[in-house]
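Structure in structure tokens, see below.
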Amino acid sequence: MPDHQAVIVGGGFSGIGAAIKLDELGIHDYLLVEAGDGLGGAWHWNTYPGVAVDIPSFSYQFSFEQRPWSRVYAPGSELKDYAEHCADKYGLRARTRLNTRVVAAEFDDDAHLWRLGTDGGEQITARFVIGATGVLTQPKRPDIAGSDDFTGDVIHTARWDHDLDLRGKRVAIIGTGASAVQIIPSIAAQVAQLTVFQRTPIWCLPKLDAPIPWLGRQLLGRVPGVESVARVASQAFVELTFPVAAHFAGLVPVAKVGERQGRDFLRRQVRDPVVRDKLTPRYGLGCKRPSFSNDYLPTFNRDNVLLETSPIERITPTGIRTVDGVEHEIDVLILATGFKVFEAGNMPPFPVIGSRGADLEKFWDSNRFQAYEGVSVPGFPNFFLILGPYGYNGSSYFNLIETQMRHITRCLGKARDAEATRVEITTEANDRYFTAMLGRRGNQVFFRPGCDGANSYYFDKHGDVPIRAATTAETIWRSARFDLDDYRYEKLPA
Ligand code: NAP
């Protein structure tokens, strides 16, 4: 018998949502394993200045646990607090193990269970495993010559050191992705000099953000229906700005409208035409993740902020040298260089050995990323993913969690009814789904002209973008209606 009916790997919102939904199904014997010393995932690790959601908070929360947020786009600390609140309210603490990293997982074909190894040398067995480890979790340091030579302070955005005082310092930041967009305006006024090293400009759009006043919060929290109206409006906005814009670009020109808006925004916000030109993206909106901010672009009007677009030649003991020979002397180097995505060891973040020795990383490497409905992979029984390939359609991450858990709990419910100890997606069902996803590429922004030069982390080495080409409504419908016989259910011989 396994130690637990289920192990959930990862204590971010995916893991929290998975635990709540397992309880709802009546599976109470689970263990939630988290590598960090707290829950909340991205919101536990990312505490850099200015960190906040960039999907309206009315959407960026569980549908069953809504709260009156302080702003339309809540700060990261509020999300961390929300994670802790969910863990307490839904009684997850006693079944949570922090500071425990899963380093290996292997399926036992004879016993129909998973054996998980931890960094503490322990073995935990479970009938079912839910992988809730996210993707953007392992900080990526840039592959720049001399990276280790710098003698000042070096900090990655996802591992912020709050003891580091930036006041009056000469600071450089490498990268202009979503993290940098939030940090740059937050620190510019306190540092002596901020040099921003940009390789590819980001599309930056207006952020419809504002504090939600006391009265608004009362209305949201107490008057029936107000929260739902706010949520529906917010969902519609999110749907239009990502899934519709990205997956139906060939049919609905939302991205073109957004590009016009982005260029107007840039014109209004940045005074110097040379700087403005450098900040202008030369690729289509949606090819890589855009950002929403009202104060990122105007930061480049400041006298103490320099936008450097000459490629970096090397990092030196005292700063950064660009290929034009300019030496930028600095005290602090901020790496806003993102996370591992398709690099080896990230998807999955630990070796996953399925039935008859199948290796998940190798399977994906040779067969391209794929998973039935983004949840399960043939050859890996009793193993379910929240953020598997072609699972996330780009709307709120909370939609993804609830949708994938609806799928998973339907399967586990059927397994329980059938007293099955082994549940595996069939190759035919997986192939059908993968083929359908590839067949939808024609209208996706990623595969239309315009993405050259985006340098987007969405694309893997095969040129695939394993994001689910579907509306949110379709993902919800599919999770409730997919054919449960797409899975094979088996029972251990007595
Ligand atoms: P990112 O989007 O991957 O951006 C990394 C940046 O570093 C890019 O500008 C990249 O340039 C640059 N870079 C990387 N290596 C470099 C090198 N060797 N030399 C020069 N530049 C280099 O990372 P991120 O900003 O941390 O964001 C990652 C993701 O986290 C986002 O896309 C988003 O999904 C999520 N996020 C969300 C929020 C939120 O508000 N909810 C906030 C932050 C992050 P290139 O573009 O040329 O590669």
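The values are calculated or read from the model by the stated rules, or taken from the named source; none is laboratory data. Predicted, not measured: the structure shown is a model, and the values here were computed from it. Don't worry about glycine lacking a Cβ; one is built from the backbone with ideal geometry, like all the others, and counts go over all protein chains shown.
Identify, from the list Leu251, Leu240, Leu166, Leu208, the residue that is within 29 Å of Gln61 (Cα to Cα), outside any strand (DSSP E or B) and more than 16 Å from the ligand (Cβ to nearest atom).
Leu240
Which residues, counting only those in the range 244-290, are more than 18 Å from Phe447 (Cβ to Cβ), surrounded by 14 or more Cβ atoms within 10 Å (Cβ to Cβ) and free of Cβ contacts under 8 Å to residues at least 40 places away in the same chain?
If the condition is that a residue be more than 18 Å from Phe447 (Cβ to Cβ), surrounded by 14 or more Cβ atoms within 10 Å (Cβ to Cβ) and free of Cβ contacts under 8 Å to residues at least 40 places away in the same chain, then Arg263, Gln269, Val270, Val275, Arg276 are the ones that fit.
Let me ask something else about it. What number of residues within the range 172-182 are surrounded by fewer than 24 Cβ atoms within 10 Å (Cβ to Cβ) and more than 9 Å from the ligand (Cβ to nearest atom)?
Going through the range 172-182 one residue at a time, the tally reaches 0.
Somewhere in the range 369-384, is a residue polar (S, T, N, Q), in the same structural domain as Ile16 (by TED's automatic domain parsing) and more than 18 Å from the chain's Cα centre (by Cα)?
Yes - at least one qualifying residue is present in the range 369-384.
Name, by its number, the condition in (1) of a type outside the set (S, T, N, Q); (2) away from the ligand (no atom under 16 Å from the Cβ); (3) surrounded by fewer than 18 Cβ atoms within 10 Å (Cβ to Cβ) that does not hold for Glu34.
Result: Glu34 passes all but (3).
Also: Is it the case, given these coordinates, that Asp209 is farther than 26 Å from Trp43 by Cβ and acidic (Asp, Glu)?
No; evaluated as a whole, the condition is false for this residue.
Now a separate question. Can you tell me which residue among Phe64, Phe107 is of a type outside the set (A, V, I, L, M), away from the ligand (no atom under 16 Å from the Cβ) and part of a loop (DSSP other than H, G, I, E, B)?
So the residue among Phe64, Phe107 that is of a type outside the set (A, V, I, L, M), away from the ligand (no atom under 16 Å from the Cβ) and part of a loop (DSSP other than H, G, I, E, B) is Phe64.
Among the listed residues Thr409, Thr471, which satisfies the condition of being closer than 16 Å to Gly286 by Cα and in contact with an Asp or Glu (Cβ under 8 Å, 6 or more places away or on another chain)?
It is Thr471.
Now for a separate question. So, of the residues in the range 121-163 that are in a strand (DSSP E or B) and among the charged types (D, E, K, R), which turns out to be farthest from the ligand (Cβ to nearest atom)?
Only one residue tops the list, namely Arg127.
Any chance you could count how many residues in the range 355-382 are at positive phi, charged (D, E, K, R) and not in a helix (DSSP H, G or I)?
Of the residues in the range 355-382, 2 are at positive phi, charged (D, E, K, R) and not in a helix (DSSP H, G or I).
Out of the residues in the range 309-339 meeting the condition of being under 24 Å from Asp165 (Cα atoms) and either at pLDDT below 95 or under 28 Å from the mean Cα position of the chain (by Cα) (or both), tell me which one is surrounded by the most Cβ atoms within 10 Å (Cβ to Cβ).
Ile334
Being small (Gly, Ala, Ser), over 18 Å from the mean Cα position of the chain (by Cα) and modelled with pLDDT of 95 or more narrows it down to one residue among Gly26, Gly15; which is it?
Gly26
A quick yes/no check of all residues on (1) closer than 28 Å to Gln138 by Cβ; (2) touching a residue at least 24 places away in the same chain (Cβ under 8 Å); (3) in contact with an Asp or Glu (Cβ under 8 Å, 6 or more places away or on another chain); (4) assigned by TED's automatic domain parsing to the domain that holds Thr421:
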site: Gln66; (1), (2), (3), (4): no, yes, yes, yes
site: Gly76; (1), (2), (3), (4): yes, yes, no, yes
site: Arg101; (1), (2), (3), (4): yes, yes, yes, yes
site: Glu106; (1), (2), (3), (4): yes, yes, no, yes
site: Ala111; (1), (2), (3), (4): no, yes, no, yes
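Specify which of the listed residues (Ala94, Ala83) is surrounded by fewer than 16 Cβ atoms within 10 Å (Cβ to Cβ), aliphatic (A, V, I, L, M) and farther than 30 Å from Arg356 by Cβ.
Checking each option against the conditions leaves just Ala94.
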